[in-house]
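Working notes for the structure below.
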Amino acid sequence: MLLITITAYIIIPIYTLLFAWGTDWFTTNFSVLGNLYGRKNIFLLWGIIVGTYFYCVLKRVILNLPRNEKEKAFSIAALLFLTFGVLTPYLPDAQPFQSVLHVVLSFMASFSLLICLYMVIWKLYCMNQAEYQPYLICIMGITMISAVLLIISGIVSTALEIFFILSCSALLQKLYSKVSSPRLYFRWPEEL
């Protein structure tokens, strides 16, 4: 539990901010930064840290859910898309096909993670509305702020990526703490 908290609140934020340090957050993105000279290995390590955190913590949360096959599938999909996205180069001038593939894989990683979080939170909300309503509001807020950041810059910018990763990692850590709390009881609805 301590490692999960340290990863969510210290390792991921510091590493993410250091990775984007010294760049214009609204005109560039992690794809461009990760393919600059000297940053490819840093980008790869960032992907390993973030992917491992989200997959491992989501897996622990999902194990507490009834009929959790869909949630498991989306968490695995998010990890695979992120892995292949980080490994696929983004060099639009030299490798246009691979660059388009990188963009699609990276988008699908974030989209799969978001869908997985919605599915998990919605199922928990249906089991205990009073306890999980703040989490549902939070994930909707993350979605809306992400959309605003996308509209402001017109691209998936570094600012959007930083906000999405940091807010989702903090939300997931809070959710994991809540689910793993021994004092919390669920009411299992019939329709789940």
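Quick notes on this one:
- If you go through the range 91-122 and keep only what is in contact (Cβ under 8 Å) with a residue 40 or more places away in the chain and open to solvent by 80 Å² or more (accessible area, probe 1.4 Å), you end up with just Phe107.
- Any hit, the range 83-100, residues being small (Gly, Ala, Ser) and touching a helix residue (DSSP H, G or I) at 6+ places or on another chain (Cβ under 7 Å): yes
- Tally of residues being part of a helix (DSSP H, G or I), open to solvent by less than 60 Å² (accessible area, probe 1.4 Å) and more than 20 Å from Ala8 (Cα to Cα) across the range 32-61: 3
- Leu18 over 17 Å from the mean Cα position of the chain (by Cα), aliphatic (A, V, I, L, M), more than 30 Å from Ser181 (Cα to Cα) and in a helix (DSSP H, G or I): yes
- Taking the range 62-90 as the range and being closer than 22 Å to Tyr37 by Cβ, open to solvent by 50 Å² or more (accessible area, probe 1.4 Å) and in a helix (DSSP H, G or I) as the test, only Leu87 passes.
- The single condition among (1) over 30 Å from Thr23 (Cβ atoms); (2) free of Cβ contacts under 8 Å to residues at least 24 places away in the same chain that Ile151 does not meet is (1).
- Of the listed requirements (1) open to solvent by 20 Å² or more (accessible area, probe 1.4 Å); (2) part of a helix (DSSP H, G or I); (3) within 22 Å of Ile49 (Cα to Cα), Leu136 misses just one: (3).
- Looking across the range 143-154, just one residue is open to solvent by 20 Å² or more (accessible area, probe 1.4 Å) and under 14 Å from the mean Cα position of the chain (by Cα), and that is Thr143.
- When Tyr37, Tyr9, Tyr53 are checked against the criterion of being at pLDDT 95 or above and over 15 Å from Phe163 (Cα atoms), a single residue qualifies: Tyr53.
Here's the yes/no breakdown for (1) among the hydrophobic types (A, V, I, L, M, F, W, C); (2) loosely packed, with under 15 Cβ neighbours inside 10 Å; (3) in a helix (DSSP H, G or I):
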residue: Tyr132; (1), (2), (3): no, no, yes
residue: Gly141; (1), (2), (3): no, yes, yes
residue: Val156; (1), (2), (3): yes, no, no
residue: Leu160; (1), (2), (3): yes, no, yes
residue: Ser167; (1), (2), (3): no, no, yes
residue: Leu171; (1), (2), (3): yes, no, yes
residue: Tyr176; (1), (2), (3): no, no, yes
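- Number of residues in the range 21-31 that are open to solvent by less than 70 Å² (accessible area, probe 1.4 Å) and either within 15 Å of the chain's Cα centre (by Cα) or on the phi > 0 side of the Ramachandran plot (or both) equals 1.
The values are calculated or read from the model by the stated rules, or taken from the named source; none is laboratory data. Remember, predicted model here, so these are calculated numbers, not experimental data. Backbone-built Cβ (ideal geometry, glycine too); neighbour counts: all protein chains shown. Heavy atoms of the whole protein, side chains included, go into the accessibility calculation; ligands, DNA and RNA do not. Shrake-Rupley method; radii C 1.70, N 1.55, O 1.52, S 1.80 Å.
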